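Written below as structure tokens is the structure these notes are about.
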Amino acid sequence: MANRKSCCGASVLEVTLSCLFIVMTAVCVTLITLMVTWKTHTDPEPTPPPQHKPYLIGVGRADCTGPPADVPLMGYANPQQTAAGIHTRLYSRAFIVDDRRRRVVFVTADVGMISQRLRLEVLKALQVKYGDVYRQDNVVLSGTHTHCGPAGYFQYTLFMISSKGYIKASIEPLVNGIVKSIDRAHRNMKPGRIYRNKGEVDDSSLNRSPHSYLNNPEDERDRYQWNTDKQVLVLKFTDEDGDGMGMLSWFAVHAVSMNYTNRMVSSDNMGHASYLLEQDKNPGTLPGQGAFVAGFSSSNLGDVSPNTRGPHCMNTGLSCDYLNSSCPVGGTKMCQGFGPGNDMFDSTRLIGHNIYRKAKELYANAVEEVTGPLHSAHQWVNMTEVKVQINSTHTVSTCKPALGHSFAAGTTDGGGDLNFTQGAVEGDPFWDGIRDALLGEPSNETQECHHPKPILFSTGEMNWPLPWHPQIVDVQIITIGSVAVVAVPGEMTTMSGRRLREAVKQELEAEATLRDTEVVIAGLSNVYTHYITTYEEYQVQRYEGASTIYGPHTLSAYLHKYRGLARAIAQDKVSELPVGPEPPFFKKLFNLLLPAPVDRKPANSSFGDVVQQVYPVYRQGDVVSVTFVAGNPRHSGDMREKTFVTVEIYDNRTAAWEVVYTDASWETRFHWLKGSNNRSNATVEWHILPSTPGGSYRIKHFGHFKQMKALRPVISPYEGSSDVFRVTDSFYYE
């Protein structure tokens, strides 16, 4: 019994505990449910921000350096400024963005400007290679405006006269280099993101026509702190992991730190900025190599000089005349802008470094992502007959192209040789008489249309042997999300660019489809039409106004046309835009550059022999110089992605020579010295940096020479080498 009672007691206890367990479990479940429900309704979890779909991005760079000998350099129109060596190489940098519906391409090339012929030949090559992927509406070609690149890539008479005609050896490296940069960007496309940032670059720009700028309305000028645009816009391109792919920026300054006395091919200040950032982001590589691509593009630089000390008379050191930028003795040629460096190389370095430093800072701190669809809008426009209604009662029109007297005066960055001055609003009977006898008198209609410009060359009425100036020009806008790039076919002044940016921004944001739009001017794009001033600046007729070839209402016409493009983008009606009249592609172009003659050398010598040898020892900060018996560099043909020069260090570990610098390096200078009797020398300089490691070095030069064999020209390669020399901290040894 006792055992049975114990068993019954145990059973009751087990049942009771089981019931309590079930009840407690139910209570806990209920409480947990209530807590979860309460948490869900009273304190919701924050939702992660929406992830924008990445763009497809490609960046590419390619050498586009043309012949560094005999060919005129494009920019200063100085017939004595023919190429004679290389300061730095020229590159094309391409940036492709694709949103999986549309694709846009922006190319910035180290070239004075994009000519119509260059653009047409590039588009033709892209059509052959890619079909309709890359077209006139989605490809923007922009020049950095260096004045030290080979000329000869134009099809209009005025430019061909100053360039010794159309030179295939000049345009082919440009076309092939630009296409190659797009090829590389095309092959490298991958998902990535774009970020934007902007800031100001100080001590790097000066308005070279302040008198013209002051003619703009006072209330308009009061809206701006400066008479130049100091803003730099940076686009940062990264892959999906956040690793940098490239950077594209725009800044308004003339690339004329290298002045008209320079005869070496050079990318000038904007190219130096690219060089610095690419060397920084591609450590251990030679210039032109490495995956990271840094593009520094031109903007509304028409009246903006990098010569920040301002113009002074070279013969007296006194300031130039304010109104016409001339000197009492020597005229406009003596009035020259200077600074900020001690010479043009130093100034190029300083301005380039200023731009690079700010862009690098903005790149590092760029966090505002660019998102949204892509658009591209393009039209061809006959700029000689654009009518614009400026108010309810007045309609104005553009003119046939013409250049004024002050065009021949040049600027404080490079004055003219004759007795023309800036600010001329009346003609000169002497020069007008010569013009009338040689070229014909401008029609009354053209003179009235261009008033108050006294016409020196009525280029729109000059068509022999080919038209002297373009009539059909490109107007184009591409948008990448909230960034609009306005491709301008010329050099807009500071205030012209501000008005255009404002007009495009208003149209893009009028439909509320785009907000917080950043509008940037891409200058020297697609076709070159000289300058674009405001109507008020035009009245003063300094160099920029005299070079506004379509008359006083040129800017009004462009504002009208670009507003139309922006409106079409905002309303998604780009397909309804009329294409416009196609530009011509002239077949019979003349070439005034004679073929390079055969090369000759001193008796008992060979091409590549050293004429002046190096010293055995140098210190950091010294300049090494060596001179070789040389051939004409034109005989080397297409030297893209190659070099005329190497500086090499001996690696004791591998017992081999390693190339540390080429002719693309800032530290080297390749001078071609043309002598008599078809003899020539090549002098190579190496400016040793303070940070250069000690060791054994040599300098090599590569080239080609032409000789006649069996009455036929034969071109052969050669190379030469200096003696081995040491770089050391001291000349003294223990």
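A single entry from G339, G310 fulfils the requirement of being under 28 Å from Q541 (Cβ atoms), open to solvent by less than 10 Å² (accessible area, probe 1.4 Å), touching a Phe, Trp or Tyr at 6+ places or on another chain (Cβ under 8 Å) and not hydroxyl-bearing (S, T, Y): G310.
Conditions (1) open to solvent by less than 40 Å² (accessible area, probe 1.4 Å); (2) in a loop (DSSP other than H, G, I, E, B), marked per residue:
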residue	(1), (2)
L235	yes, no
T238	yes, no
G242	no, yes
H254	yes, yes
G271	yes, no
G284	no, yes
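Evaluate the following for T479: is it at pLDDT 95 or above, closer than 30 Å to Q225 by Cβ and touching a His at 6+ places or on another chain (Cβ under 8 Å)? Considered against the rule, which asks whether it is at pLDDT 95 or above, closer than 30 Å to Q225 by Cβ and touching a His at 6+ places or on another chain (Cβ under 8 Å), T479 comes out as yes.
The one condition from (1) over 17 Å from A408 (Cβ atoms); (2) acidic (D, E); (3) open to solvent by 30 Å² or more (accessible area, probe 1.4 Å) that D474 does not meet is (3). Would you say G152 is in contact with a Lys or Arg (Cβ under 7 Å, 6 or more places away or on another chain) and on the phi > 0 side of the Ramachandran plot? It is true that G152 is in contact with a Lys or Arg (Cβ under 7 Å, 6 or more places away or on another chain) and on the phi > 0 side of the Ramachandran plot.
Being among the hydrophobic types (A, V, I, L, M, F, W, C), open to solvent by 20 Å² or more (accessible area, probe 1.4 Å), under 22 Å from A522 (Cβ atoms) and in a helix (DSSP H, G or I) is true for just one of L120, L126. Which residue is that?
L120
Looking at this structure, is V329 assigned to a loop (DSSP other than H, G, I, E, B) and among the β-branched types (V, I, T)? Taking the combined requirement at face value, the residue satisfies it. Of all residues in the stretch 486-508, those that are of a type outside the set (A, V, I, L, M), assigned to a helix (DSSP H, G or I) and open to solvent by less than 60 Å² (accessible area, probe 1.4 Å) total 7.
Screening the stretch 355-448 for strands (runs of 3 or more DSSP E) wholly inside it with 2 or more residues that are in contact with a helix residue (DSSP H, G or I) (Cβ under 6 Å, 6 or more places away or on another chain) and not charged (D, E, K, R) returns the ranges 374-382.
To keep it simple, each residue is scored yes or no on (1) of a type in the set (S, T, N, Q); (2) more than 20 Å from the chain's Cα centre (by Cα).
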{"position": "P283", "(1), (2)": "no, yes"}
{"position": "G290", "(1), (2)": "no, no"}
{"position": "S298", "(1), (2)": "yes, no"}
{"position": "Y356", "(1), (2)": "no, no"}
{"position": "N365", "(1), (2)": "yes, yes"}
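Among the conditions (1) out of contact with any Lys or Arg (no Cβ under 6 Å at 6 or more places or on another chain); (2) crowded, with 20+ Cβ neighbours inside 10 Å; (3) assigned to a loop (DSSP other than H, G, I, E, B), F628 misses just one, which is (3).
This table checks each residue for (1) of a type in the set (V, I, T); (2) part of a helix (DSSP H, G or I); (3) free of Cβ contacts under 8 Å to residues at least 12 places away in the same chain; (4) open to solvent by 60 Å² or more (accessible area, probe 1.4 Å).
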residue: L559; (1), (2), (3), (4): no, yes, no, no
residue: Y562; (1), (2), (3), (4): no, yes, no, no
residue: K588; (1), (2), (3), (4): no, no, no, yes
residue: F607; (1), (2), (3), (4): no, no, no, no
residue: Y618; (1), (2), (3), (4): no, no, no, no
residue: G621; (1), (2), (3), (4): no, no, no, no
residue: R640; (1), (2), (3), (4): no, no, no, no
residue: E648; (1), (2), (3), (4): no, no, no, no
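Looking across the stretch 139-180, just one residue is assigned to a strand (DSSP E or B) and out of contact with any Leu (no Cβ under 9 Å at 6 or more places or on another chain), and that is V140.
Across the stretch 669-708, the qualifying residues are those that are under 15 Å from Y618 (Cα atoms) and touching a Lys or Arg at 6+ places or on another chain (Cβ under 6 Å), and the one among them that is surrounded by the fewest Cβ atoms within 10 Å (Cβ to Cβ) is S696.
Of the residues that make up the stretch 135-152, is at least one charged (D, E, K, R) and either over 22 Å from the mean Cα position of the chain (by Cα) or surrounded by 21 or more Cβ atoms within 10 Å (Cβ to Cβ) (or both)? No, the conditions are met nowhere in the stretch 135-152. Inside the stretch 650-667, residues that are open to solvent by less than 50 Å² (accessible area, probe 1.4 Å), assigned to a loop (DSSP other than H, G, I, E, B) and either modelled with pLDDT under 95 or charged (D, E, K, R) (or both) make up a count of 2. Does at least one position in the stretch 181-192 carry a residue that is closer than 30 Å to A596 by Cα, crowded, with 18+ Cβ neighbours inside 10 Å and touching a strand residue (DSSP E or B) at 6+ places or on another chain (Cβ under 8 Å)? For the stretch 181-192, residues closer than 30 Å to A596 by Cα, crowded, with 18+ Cβ neighbours inside 10 Å and touching a strand residue (DSSP E or B) at 6+ places or on another chain (Cβ under 8 Å): present.
The values are calculated or read from the model by the stated rules, or taken from the named source; none is laboratory data. Quantities reported herein were computed from a predicted structural model and do not represent experimental measurements. Glycine gets a Cβ as well: all are built from the backbone with ideal geometry, and neighbour counts include every protein chain shown. In case anyone asks, the SASA skips ligands and DNA or RNA and just uses the protein heavy atoms, side chains included. Shrake-Rupley method; radii C 1.70, N 1.55, O 1.52, S 1.80 Å.
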